[in-house]
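Inspection log for the structure reproduced underneath, given as structure tokens.
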Amino acid sequence: MKYFVTIYIHPMDWNIPHAFLGLTKNKSPDELDKIDEESKQKFLKNKEFRLIKNIKQISYNKTIHLY
């Protein structure tokens, strides 16, 4: 079984560094980053679809007639 340890260093307010320690089993950090990116893209795609669906519904329900 492989274990991976990753340290993420991220600056916070006032340039104070903050470190995150990650421990994973059987998956490399690169694999996890790829899975994370795919899930974010799937979420954004679903969010865009819902937004377009709502816009279409609003446009059908509120037709403006100009005379």
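Each value in this text was obtained by applying a stated rule to the coordinates, not by laboratory testing. In this text, all values refer to a predicted model and were calculated from it rather than measured experimentally. With ideal geometry, Cβ positions are generated from the backbone for all residues, glycine too; neighbour counts draw on all protein chains shown.
What residue among 8, 28, 52 has its Cα farthest toward the positive end of the dipole of the range 1-57, where the charges are +1 on Lys, Arg and -1 on Asp, Glu, each on the Cβ?
Final value for the positive-end residue is 52.
Given a Förster radius of 25 Å and the C-beta distance between residue 26 and residue 49 as r, what FRET efficiency does 1/(1 + (r/R0)^6) yield to the nearest 0.05?
0.15
Under 24 Å between alpha carbons, and skipping anything fewer than 8 positions from residue 27 in its own chain: which lysines qualify?
Qualifying lysines at Cα under 24 Å: 2, 40, 42.
How high is the FRET efficiency between residue 38 and residue 7 when r is their beta carbon distance and R₀ equals 35 Å, given to the nearest 0.05?
E(calc), rounded to 0.05, equals 0.90.
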